[in-house]
Amino acid sequence: MDRGGQCWAAAVVLADTQGIQALTMRRLAIELHVEAMSLYYHLRDKEALLDGVVETVIAEVGAAVTRPDTKGGGEDWRTRLRRQFLAARHVMLRHPWAPGLLGSRRTVPAVVLAYYDEIIGTLVGAGFSYRLAHRALHAFGSLPLGFAQEIFSPESAGGNMEDDAAEADLAATAENLPHLTAMVAAEIHDSTDPTLGWCDSQIEFEFTLDLLLDGLERLRG
């Protein structure tokens, strides 16, 4: 592994153990036992570091989703995509800071484009037109990367992404938002249900994924 790769791998470990906010060039240099300025020979700035971290995580997703079929037979398109998306989610659950970082990048890494190209290939190979495959990608959103991207969250209104705090924020407005508050009360996450956000649990992820896959199967005819 080259020095850049070592930096990114160490940065992922640092984010996992101390949080993405702790990831600075100085802190990373300490972890690597080098002078902070020496990192700039390999990384032009922190944004380059974060881009590399994203590529490292997506490479981990790629390795997870390309696991060969162990059942001795070929997978149909639905089974293959479902397995891939759930494998990606396992990676994101190991790096719960990664969805937020992915959403902050100004450009789409080449590894992400290659990953989505393979998904399109799976759909077209199963008989979908490119037009329908395009619409499927819009419907999938960030699910192929292992998380459900929320347009609205209490944090976007100055609140908190933590489940308890999010529910408390909504409870405070129960009088004005009776149906939303009742829905949240009915959907309190089980402690054994892994989450990547206030409204992105494993159960919700799989429900959305299966709903989309079932709908695409009907459209395929």
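Brief remarks follow.
- Separation in nanometres of the label points that stand 7 Å from Cα toward Cβ, at SER104 and ALA10: 2.0 nm
- Only protein heavy atoms count here; on that basis, with a 1.4 Å probe, ASP117 has an accessible area of about 100 Å².
- Zone of GLU75's modelled label, taken as backbone nitrogen in the stretch 190-217 under 17 Å from a point 7 Å along Cα→Cβ: 206-207, 209-214, 217
- A probe of 1.4 angstrom, applied to the heavy atoms of all protein chains, finds THR107 with accessible area near 90 square angstrom.
- Sorted largest first by accessible area at a 1.4 angstrom probe radius, with every protein chain in place, the residues TYR115, TYR130 fall in the order TYR130, TYR115.
- Ranking by accessible area, most exposed first, for ARG78, ARG89, ARG131 with a 1.4 Å probe: ARG131, ARG78, ARG89
- Straightening the chain between SER38 and MET183 buys 47.0 nm, computed as 0.36 nm per residue apart minus the Cα-Cα spacing.
- Heavy-atom SASA rank of SER142, SER38 (probe 1.4 Å, accessible area, largest first): SER38, SER142
- Counting only protein heavy atoms and using a 1.4 Å probe, the accessible area of CYS199 comes to about 50 Å².
The values are calculated or read from the model by the stated rules, or taken from the named source; none is laboratory data. Please read all numbers here as calculations on a predicted model, not as lab measurements. Reconstructed Cβ throughout: ideal geometry from the backbone, glycine too, with neighbour counts over all protein chains shown. These area figures cover heavy atoms from the full protein model, side chains too; ligands, DNA and RNA do not enter into them. Shrake-Rupley method; radii C 1.70, N 1.55, O 1.52, S 1.80 Å.
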